[in-house]
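A short write-up of the structure that comes next.
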Amino acid sequence: MTQRGAAGTDPPDDYLEAAIQRLLTECTEIAEQGITVTRRDHSVLLCGEVESARRREEILRLVVEHFPEVPVTVDIGLIRTQAPTEVEELR
Amino acid sequence: MVIRIAAVGDVHLDQDVVGRFRPALEQLPESADVLLLAGDLTRHGTESEARCVATEFGDLGVPVVAVLGNHDHHCDEVPAVIRVLEDAGILVLEGTNVVLECAGVRLGIAGAKGFGGGFAGRCASEFGEPEMKAFVRTTSAIADQLGEALREMDCDLRVALTHYAPVPDTLAGEPPEIYPFLGSYLLGQAIDSAPTELALHGHAHAGSERGTTPGGVRVRNVAHPVIKQAYSVFHLHPPYAGATAGKVSAVSAGGSS
């Protein structure tokens, strides 16, 4: 069952994922489209990979700032940037 | 002669990323003849972010050819972004092409950002509201330019470079509901209109690496979150006829060979 925020200003739970997804994309300090937002019981899980540790911290800061009542779990990794060890042969 | 193509997309550079790719890029001239960048080079398309791209991907010792992505358009600073990249020697294609001489082989690269619309059987149509018609017309016009840019080249070997995906194969892993925002079959149709050897794209961070157009052209998603390395390297072996029969793909060790 969906419960609305007591103050009437928080998005209903069913819209929370969409609200966070758009926040991460449309806030130009973040501009991340590759983060998956999943609602789990009483928290949201943020998954994905980003280009720097600073971006991961910014994502968490922004979500906590906008949705202070929502417990957030972050599982965001850094994308590796090593040189390739294999090539693909196309014949 | 084998042509060695390095490629990556969706690097989303800003100050905080500068220097991360450089150690691997320093090795690139030993393993590739050219580097192709498949769009979303910046975080949200500012001139200052483009300078980060220029710092990271400039002066590599091999030609660097790029297309822009949707992120590179966000701040409406596209002309400034292109100027900064081209000042650093990074050629930006948009419905255009370039032919490079690589070890006696004329390598033709045609590029365009591309756009969305979806794939055969599940695609948008040029019908209804002006906004919907404009959406489909945008993709259609870009695809027409890409096809023309591919066909008109006088070269031995054709490679197509886009940001948006030309086939759904390389989107596997993405939610099917967003496929129409990730690419269009019109791009695949354009690629199939010429004897193209390889099509490279980015944009689909949760997609997969390999696919094929209906015409048999190999498609690779080189989005950085997909390849999980600084760049991928593809060895293209002759004959470069764009023929569909008897093609074989294989992975071999020795990225710096």
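The values are calculated or read from the model by the stated rules, or taken from the named source; none is laboratory data. Quick caveat, the model's predicted, so the values are computed rather than measured. So basically every Cβ, Gly included, is an ideal-geometry build from the backbone, and we count neighbours across all protein chains shown.
Considering the range A:64-87, and only residues there that are crowded, with 16+ Cβ neighbours inside 10 Å and modelled with pLDDT of 95 or more, the residue that is farthest from the other protein chains (Cβ to nearest Cβ) turns out to be A:I76.
Candidates in the range B:61-88 are the residues that are in contact with a strand residue (DSSP E or B) (Cβ under 6 Å, 6 or more places away or on another chain) and not in a helix (DSSP H, G or I); of these, the one that is farthest from B:E26 (Cα to Cα) is B:V67.
Scoring A:S43 on the criteria (1) in contact with a His (Cβ under 9 Å, 6 or more places away or on another chain); (2) more than 16 Å from A:R22 (Cα to Cα) leaves a single failure, condition (1).
Hey, could you check the range B:176-205 for residues that are in contact (Cβ under 8 Å) with a residue 24 or more places away in the chain and surrounded by fewer than 20 Cβ atoms within 10 Å (Cβ to Cβ) and say which is nearest to B:L36 (Cα to Cα)? Only one residue fits best here, namely B:P195. Among the residues of the range B:19-33, the ones that are of a type outside the set (A, V, I, L, M, F, W, C), facing chain A (nearest Cβ under 9 Å) and in a loop (DSSP other than H, G, I, E, B) come to 2 in all. Within the range B:221-242, if we keep just the residues that are over 21 Å from B:Q27 (Cβ atoms), in a loop (DSSP other than H, G, I, E, B) and touching a residue at least 40 places away in the same chain (Cβ under 8 Å), the residue that is nearest to the other protein chains (Cβ to nearest Cβ) turns out to be B:H237. Screening B:G211 against (1) farther than 23 Å from B:S140 by Cα; (2) not in a loop (DSSP other than H, G, I, E, B) leaves a single unmet condition, (1). Scanning the range B:59-88 for residues that are within 14 Å of chain A (Cβ to nearest Cβ) and among the acidic types (D, E) gives B:D72, B:D76, B:E77.
Taking the conditions (1) of a type in the set (S, T, N, Q); (2) crowded, with 18+ Cβ neighbours inside 10 Å; (3) more than 18 Å from B:F234 (Cα to Cα); (4) in contact (Cβ under 8 Å) with a residue 40 or more places away in the chain in turn, B:T42 satisfies each one other than (4).
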